[in-house]
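Below: the structure, in structure tokens.
Every number in this text was worked out from the coordinates using simple rules, so none of it is lab data. Computed from a prediction, not measured in an experiment: that's the story for all the values here. We place every Cβ from the backbone using ideal geometry, glycine too, and count neighbours over all the protein chains shown.
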Amino acid sequence: SELVKKVKELQREDPSRYDACSARLAELSARFASAFCSGNAPGVVAEAAEYCAAMKALGDAAGAPILEARLERAGELAARFSGSAKPCGAGGGDVAVAFFVEPSAAKGFELACSDEGLHPIDVSWGASGVQAY
């Protein structure tokens, strides 16, 4: 994709900047995983917000829209409800994941997204994924 191409160009043309962005993302990923595994819900929310900011910084450095307008708006709405949101998946601006401590905050976020033409998908942890036997 064009987005991946621009990030690879950054890696080639400004390796120190690319390495700094990548190291920051790796650090935040580890902190997010630690918060998640320890059941630290406020930490999960905070680390996801930091990770989103680091993704935006990588996109800005590469001239690639990693955090495009709809995803940025989802993050603003999540913050309004004491949560955070970040892009997830392979990129392209089609999916974000949001994190909240309180279910009522998540519901408020969902309604606010609907009011703005964003389409929340209801998911929950613990479902069995694809399995091969």
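When you look at Arg17, is it among the charged types (D, E, K, R), touching a residue at least 40 places away in the same chain (Cβ under 8 Å) and under 20 Å from Ala96 (Cβ atoms), yes or no? Spell out the reasoning first.
Numbers: among the charged types (D, E, K, R): yes; touching a residue at least 40 places away in the same chain (Cβ under 8 Å): yes; under 20 Å from Ala96 (Cβ atoms): no.
Considered against the rule, which asks whether it is among the charged types (D, E, K, R), touching a residue at least 40 places away in the same chain (Cβ under 8 Å) and under 20 Å from Ala96 (Cβ atoms), Arg17 comes out as no.
Return the pairs, sorted by first residue and then second, in which the second residue is surrounded by 13 or more Cβ atoms within 10 Å (Cβ to Cβ) and among the aromatic types (Phe, Trp, Tyr), the first residue lies in the stretch 26-41 and is over 18 Å from Ser82 (Cβ atoms), the beta carbons are less than 8 Å apart, and the residues are 6+ apart or on different chains.
Leu28/Tyr51; Ser29/Tyr51
Taking the residues in the stretch 51-74 that are out of contact with any Gly (no Cβ under 9 Å at 6 or more places or on another chain) and farther than 23 Å from Asp14 by Cα as candidates, determine which candidate is surrounded by the most Cβ atoms within 10 Å (Cβ to Cβ).
The residue in question is Ala74.
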